[in-house]
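A quick write-up on the structure given underneath.
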C-alpha cells in the first residue's frame, strides 16, 4: 500500500513538474536533453522503489536494519551523554574551579554514585 501511494505521489509530482517546465521556451536540442534526463531519473527512482519493496520481504535485510538502528540509537545516547559531561565541565571552568579541582570532581564522580545522582538532579533542575 505504501509503495502505491509513493508511486502515485511521484507521478502527480512528475506531471506538475513537466507541466511547468515544458511551458518554458527551449530549443529542440535542449528539449531532447531535458526529456532524456527526466526519463533517466524516472527509471532510477522506480528501480530504487522496487528494490526497497523487495528488501522489506528479506529477513536478512530486516535483521541487519534492526541491528544498524540499534547501533545508531546507542551512538546518539553516547553523544548526548558526552555533551552533558562537557557542559558540566565547562560550567565548572566558568565558575572558577581550577583544573585540579575539576579533576578531583571527575574522579569522585566516577567512584561515588551519590555525587553522580546529585549532579544529575542539579542538571534536571536547570533544565526544568
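The values are calculated or read from the model by the stated rules, or taken from the named source; none is laboratory data. All of these numbers come straight from a predicted model, not from anything done at the bench. All Cβ positions, glycine included, derive from the backbone under ideal geometry; neighbour counts span all protein chains shown.
Each row is one residue, and each column tells you yes or no for (1) over 30 Å from residue 11 (Cα atoms); (2) under 26 Å from the mean Cα position of the chain (by Cα); (3) not in a helix (DSSP H, G or I).
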position	(1), (2), (3)
49	no, yes, no
63	yes, yes, no
85	yes, yes, no
116	yes, no, no
121	yes, no, no
126	yes, no, no
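Within the stretch 1-32, how many residues turn out to be closer than 20 Å to residue 45 by Cα, more than 29 Å from the chain's Cα centre (by Cα) and in a loop (DSSP other than H, G, I, E, B)?
Matching residues across the stretch 1-32 total 0.
Report yes if residue 22 is outside the structural domain of residue 116 (by TED's automatic domain parsing) and either surrounded by 10 or more Cβ atoms within 10 Å (Cβ to Cβ) or under 27 Å from residue 109 (Cα atoms) (or both), otherwise no.
yes
Run residue 37 past the list (1) surrounded by fewer than 11 Cβ atoms within 10 Å (Cβ to Cβ); (2) not assigned by TED's automatic domain parsing to the domain that holds residue 13 and report the number of the one that doesn't hold.
Failing condition for residue 37: (2).
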